[in-house]
Amino acid sequence: MASTSADLQWFLVRNYHSKLVKRTGGKAFSAEKGNLANMHTFHNSGYIHPKTVDVSPAKSGKGVVVTTRKPKATTGQVAKASLTQNLRGANSSRKTNKAVGTIVGKYRPELKTLAQARASSILRSQKANKTTKAPRFRQKKSVAAKSA
């Protein structure tokens, strides 16, 4: 479908596609790959734009994978059409967010903040929860003070 215009593609998939989630109240969401905002709009659609960006968690469980689509790839080049960059989250989340912003900012600047927000939420979900210690009570001293 890459040889057709983006408007025609949107006209064909806007009402029905497999990743469309319709809710009562007029909101429509989309779970397609390349849709950073998960909103069912022309601007955010990952199906129709020749330059799509996807931020997803790494398979190793640590870090983020940024996938961009090469704009000059033809419809037959499925495997060669995407460029994948693995960003390890082990260094720091700030460095990873800056790297995501640099990659996406050069490719599609209007999606930079959405990509950084997605990357930071993924990195936050990968963090281990801190274990809290049970509170320690001073029972011995309080019991001794009551008996005296």
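Here, each number is a calculation from the coordinates, and none is a lab measurement. Note that this is a predicted model, so its numbers are computed, not measured. Here Cβ is always computed from backbone atoms with ideal geometry, including for glycine, and neighbour counts include all displayed protein chains.
Quick notes on this one:
- The stretch between Thr132 and Lys22, if pulled fully straight at 0.36 nm per residue, gains 35.5 nm over its current Cα-Cα span.
- Net length gained if the chain between Thr113 and Phe29 were fully extended (0.36 nm per residue, minus Cα distance): 28.3 nm
- By the helix-only formula, in which each DSSP H run with n ≥ 4 contributes -39500 (n - 2.57) and the sum is divided by residues, the chain has a 222 nm mean residue ellipticity of -10000 deg cm²/dmol.
- Across all directions, the average flat footprint of the convex hull enclosing the Cα atoms of the range 1-121 is 8.2 nm².
- Pairs spanning more than 20 Å between alpha-carbon atoms, out of Lys22/Lys70; Lys22/Lys51; Lys22/Lys112; Lys72/Lys106; Lys70/Lys112; Lys19/Lys112: Lys22/Lys70; Lys22/Lys51; Lys22/Lys112; Lys19/Lys112.
- Only Lys, Arg, Asp and Glu carry charge here, each on its Cβ (+1 for the first two, -1 for the last two); on that basis the chain has a dipole of about 1280 debye about its Cα centre.
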